[in-house]
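Here is the structure we will look at, set down as structure tokens.
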Amino acid sequence: MDHKPQFPFFDVSRQFGPLKSQVLEKFAELLEKQSFVLGETVTRFEKDMAEWIGVKHAITVANGTDSLTVAIRALGIGHGDEVITTPFSFFASTGSIMLNGATPIFVDIEPKTYNIDPALIEKAITKKTKAILPVHLYGQCADMDAILAIAKKHNLFVIEDFAQSIGATYKGKQAGTMGNVGCTSFYPTKNLGGAGEGGLISTNDDQLAEKIKMIRVHGSGRRYIHEVLGTNSRMNALQVAYLQVKLPHLKSWMASRQKIADRYMSELRPLTDRGLVLPTIQEGRNHVWNQFVVRVPHREELQKKLLALGVPTDVYYPLTIPQQKVLRGVSAETGWLEAEKAAKVVMALPIFPELKKEEQDLVIQALHKTLTQES
Ligand SMILES: *Cc1c(COP(=O)(O)O)cnc(C)c1O
């Protein structure tokens, strides 16, 4: 029998509703001006974002993947170089390394945070290592003090992928401000989601910022003068205007996600006796809940039972990156035990700022029902 969820796993339209007239007004203005590429709207937004994140430079690019590929290119990383990264992430964190001709070197994750385990990084460093690329997965920062200390000792760059963690903090510092460069995405499912594709690079390094700005316009600082090899990666001004309307609400949306996470945490706690493992938030960090991910027994069976009760769930990610076909010949397929274990048992519950109280109730009740039935 085919079951349908009683509500969507994620629904952006609920966020758009109250902002619609404001967005349309901004769009009309830009359409009148026919100003879509860089220009005033984009510059203004980059200033606002830099201030929001707490960084000197915020540079918009076409999407989150480009934020990584452009940043890696700007650091001069390419053929023959190695970049240490996590095997458990959305593919872009590794794809961006490979697109620059460099080799990803995977280091296993900490089972509690699902982030790269700093204790294993030094063993992976070789003469070819140029950078460490931690991903702040699901909404919680990786262990940045440890990562930055290793990077300093071995003279490596740190590239933070904070696509899922805008606004997350580590010992009072914001994601995207701790490494040499931070890369994030405005894909609609992210915590600050646009009307399509968008990305942003953050840095405190003036020279690097200049290089990044050149790379997004074919390596050209002045018109038709090309100094380095770049690409075309700019965020459309309509997209920027949409995010400009949303940005003032981000803090309150973060609080709404937190409230839902708090409920899940307390009301699902009894199920830890039934094999459910709740997220762990490490000392000195917060969690911005791009995803609320639990470990569960008999995942596929449980997902079906939950769906039969109207509750949608999802899996981020069912395979580790080294297990992907495109990594053949680049990396061994297995050898990252914690990542491989996580890929088999993680399950994400619906969480977004506009998720209704009744919908949260349904998630909680359905999990109680299915998990207490099981044994
Ligand atoms: C979404 C995401 C990206 C890429 O962003 P796009 O805008 O989809 O290209 C990179 N890394 C992580 C961890 C992501 O979740």
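The values are calculated or read from the model by the stated rules, or taken from the named source; none is laboratory data. Remember, predicted model here, so these are calculated numbers, not experimental data. With ideal geometry, Cβ positions are generated from the backbone for all residues, glycine too; neighbour counts draw on all protein chains shown. Surface accessibility is based on the protein's heavy atoms, side chains included, excluding ligands, DNA and RNA. Shrake-Rupley method; radii C 1.70, N 1.55, O 1.52, S 1.80 Å.
Being of a type in the set (D, E, K, R) and not in a loop (DSSP other than H, G, I, E, B) is the filter here; which residues of the range 141-195 pass it?
Asp145, Lys152, Lys153, Glu160, Asp161, Lys173
Is the range 358-372 home to any residue that is of a type in the set (Val, Ile, Thr) and either loosely packed, with under 14 Cβ neighbours inside 10 Å or closer than 23 Å to Gly167 by Cβ (or both)?
Within the range 358-372, one or more residues are of a type in the set (Val, Ile, Thr) and either loosely packed, with under 14 Cβ neighbours inside 10 Å or closer than 23 Å to Gly167 by Cβ (or both).
List the pairs whose first member sits in the range 86-111 and is away from the ligand (no atom under 13 Å from the Cβ), whose second member is basic (Lys, Arg) and open to solvent by 30 Å² or more (accessible area, probe 1.4 Å), and whose Cβ atoms are under 6 Å apart, counting only residues at least 6 apart or on separate chains?
Correct list of pairs: Asn100/Arg73.
Gln303 passes all but one of (1) open to solvent by less than 60 Å² (accessible area, probe 1.4 Å); (2) in contact with a helix residue (DSSP H, G or I) (Cβ under 9 Å, 6 or more places away or on another chain); (3) not aliphatic (A, V, I, L, M); which number fails?
For Gln303, the failing item is (2).
To keep it simple, each residue is scored yes or no on (1) surrounded by fewer than 22 Cβ atoms within 10 Å (Cβ to Cβ); (2) closer than 18 Å to Thr280 by Cα; (3) without any contact (Cβ under 8 Å) to a residue 40 or more places away in the chain.
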{"residue": "Pro118", "(1), (2), (3)": "yes, yes, yes"}
{"residue": "Ala124", "(1), (2), (3)": "yes, no, no"}
{"residue": "Leu133", "(1), (2), (3)": "no, no, no"}
{"residue": "Gly139", "(1), (2), (3)": "no, yes, no"}
{"residue": "Ala149", "(1), (2), (3)": "yes, no, yes"}
{"residue": "Ile166", "(1), (2), (3)": "no, no, no"}
{"residue": "Gln174", "(1), (2), (3)": "yes, no, no"}
{"residue": "Asn180", "(1), (2), (3)": "yes, no, no"}
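Tell me, please, whether a residue that is part of a helix (DSSP H, G or I) and in contact with a strand residue (DSSP E or B) (Cβ under 6 Å, 6 or more places away or on another chain) can be found in the range 214-237.
Yes; the residues of the range 214-237 include at least one that is part of a helix (DSSP H, G or I) and in contact with a strand residue (DSSP E or B) (Cβ under 6 Å, 6 or more places away or on another chain).
Going by the conditions given, is Lys211 away from the ligand (no atom under 16 Å from the Cβ), open to solvent by 30 Å² or more (accessible area, probe 1.4 Å), part of a helix (DSSP H, G or I) and touching a residue at least 12 places away in the same chain (Cβ under 8 Å)?
When the stated conditions are applied, Lys211 passes them.
So which residues in the range 309-329 are surrounded by 13 or more Cβ atoms within 10 Å (Cβ to Cβ) and out of contact with any helix residue (DSSP H, G or I) (no Cβ under 7 Å at 6 or more places or on another chain)? Explain how you work it out, then say what you get.
Going through the range 309-329, the residues surrounded by 13 or more Cβ atoms within 10 Å (Cβ to Cβ) turn out to be 309-317, 319-324, 327.
Scanning the range 309-329 gives Pro312, Asp314, Val315, Tyr316, Pro322, Gln323, Gln324, Leu327.
Out of everything in the range 92-101 that is hydrophobic (A, V, I, L, M, F, W, C) and crowded, with 23+ Cβ neighbours inside 10 Å, what residue ends up being nearest to the chain's Cα centre (by Cα)? Let's see the steps before the verdict.
Taking the range 92-101 first, the residues hydrophobic (A, V, I, L, M, F, W, C) are 92, 97-99.
Now drop any that are not crowded, with 23+ Cβ neighbours inside 10 Å, which leaves 92, 97.
Numbers: Ala92: 10, Ile97: 16 Å.
That would be Ala92.
So Ala74 ticks every box in (1) within 16 Å of the ligand (Cβ to nearest atom); (2) among the small types (Gly, Ala, Ser); (3) more than 26 Å from Glu340 (Cα to Cα) but one. Which box is left unticked?
Ala74 satisfies every listed condition except (1).
Mind checking which residues of the range 336-357 are of a type outside the set (Gly, Ala, Ser), over 19 Å from Trp253 (Cα atoms) and open to solvent by less than 10 Å² (accessible area, probe 1.4 Å)?
The answer is Val346, Met347.
Go through (1) open to solvent by 60 Å² or more (accessible area, probe 1.4 Å); (2) within 16 Å of the ligand (Cβ to nearest atom); (3) more than 20 Å from the chain's Cα centre (by Cα) for Ala195 and report which single condition fails.
Just one mismatch for Ala195, condition (3).
Here are the criteria: (1) farther than 13 Å from Tyr138 by Cα; (2) open to solvent by less than 40 Å² (accessible area, probe 1.4 Å); (3) away from the ligand (no atom under 16 Å from the Cβ). Tell me which single one Pro279 does not satisfy.
Here Pro279 meets the rest and fails (1).
Within the range 214-264, can you find the residues that are open to solvent by less than 20 Å² (accessible area, probe 1.4 Å), among the small types (Gly, Ala, Ser) and within 30 Å of Ala168 (Cα to Cα)?
Passing the criteria: Ser233, Ala237, Ala241, Ala261.
Quick check on Gly198: is it in contact (Cβ under 8 Å) with a residue 60 or more places away in the chain and under 23 Å from Leu250 (Cβ atoms)?
Against the criterion (in contact (Cβ under 8 Å) with a residue 60 or more places away in the chain and under 23 Å from Leu250 (Cβ atoms)), Gly198 qualifies.
From the list Phe45, Phe9, exactly one residue is open to solvent by less than 50 Å² (accessible area, probe 1.4 Å), at pLDDT 95 or above and closer than 30 Å to Leu306 by Cβ. Which is it?
Phe9
Go through (1) surrounded by fewer than 23 Cβ atoms within 10 Å (Cβ to Cβ); (2) within 19 Å of the chain's Cα centre (by Cα); (3) over 23 Å from Gln174 (Cα atoms) and name the single condition Pro87 misses.
Against the list (1) surrounded by fewer than 23 Cβ atoms within 10 Å (Cβ to Cβ); (2) within 19 Å of the chain's Cα centre (by Cα); (3) over 23 Å from Gln174 (Cα atoms), Pro87 comes up short only on (1).
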